Amino acid sequence: LPVLFKHWLKNEEVEEGGTAVLRCELTKPDAPVEWRKGDTVLQPSDKYEIRQEGTRIELFIYDAEAQDA
């Protein structure tokens with residue numbers, strides 16, 4: 001069966017310099033996930049942290065700026 005979203009991403013507002021957290025939930029645990037901004041695949045770094053536990057996936061965007069929208 002294909003992997004589907006159980007809970008979709010929601011818009012997140014955060015003050016500049018804060019941390020934005022985007023969360024979603026899938027129907028299958030540990031499915032491979034790519035976070036993208038346009039055509040760019042986001043990689044773990046000082047700016048981005050990606051956490052995946054079972055079906056829950058989170059993207060942390062540290063030191064948020066307007067261009068992170």
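The values are calculated or read from the model by the stated rules, or taken from the named source; none is laboratory data. Small disclaimer: the values here were computed from a predicted structure and weren't measured. Note that each Cβ is placed from the backbone with ideal geometry, even for glycine, and that neighbours are counted across all protein chains shown. Ligands, DNA and RNA are excluded from the accessible area calculation, which covers all protein heavy atoms including side chains. Shrake-Rupley method; radii C 1.70, N 1.55, O 1.52, S 1.80 Å.
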Cα-Cα pairs in the chain separated by more than 16 Å, as a whole percent of all pairs, come to 50 percent
Probe 1.4 Å, heavy atoms of protein chains only: per residue, the accessible area of region 5-61 in Å² is 76 Å²
Taking protein heavy atoms only, a 1.4 Å probe, and rounding to whole percent, the accessible area of the chain owed to carbon and sulfur comes out at 49 percent
Percent relative contact order for the chain, counting Cα pairs under 8 Å at least six residues apart, stands at 36 percent
Checking rank on 61-68, 8-15, with mean other Cβ inside 10 Å and highest first, the result is 61-68, 8-15
Length gained if Leu4 through Val41 is fully extended, taking 0.36 nm per residue and subtracting the Cα-Cα distance, is 11.3 nm
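Would you please give the FRET efficiency between Glu16 and Glu49, computed as 1/(1 + (r/R0)^6) with r the Cβ-Cβ distance and R0 = 22 Å, to the nearest 0.05?
With R0 = 22 Å, the Cβ-Cβ based efficiency is 0.75.
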Phi angles of region 27-34, converted by Karplus (6.51 cos²θ - 1.76 cosθ + 1.60, θ = phi - 60°) into ³J(HN,Hα) in whole Hz with x for Gly and Pro, give 7, 10, x, 6, 6, x, 10, 10
For 35-45, 16-26, ranked highest to lowest by mean beta-carbon neighbours within 10 Å, the order is 16-26, 35-45
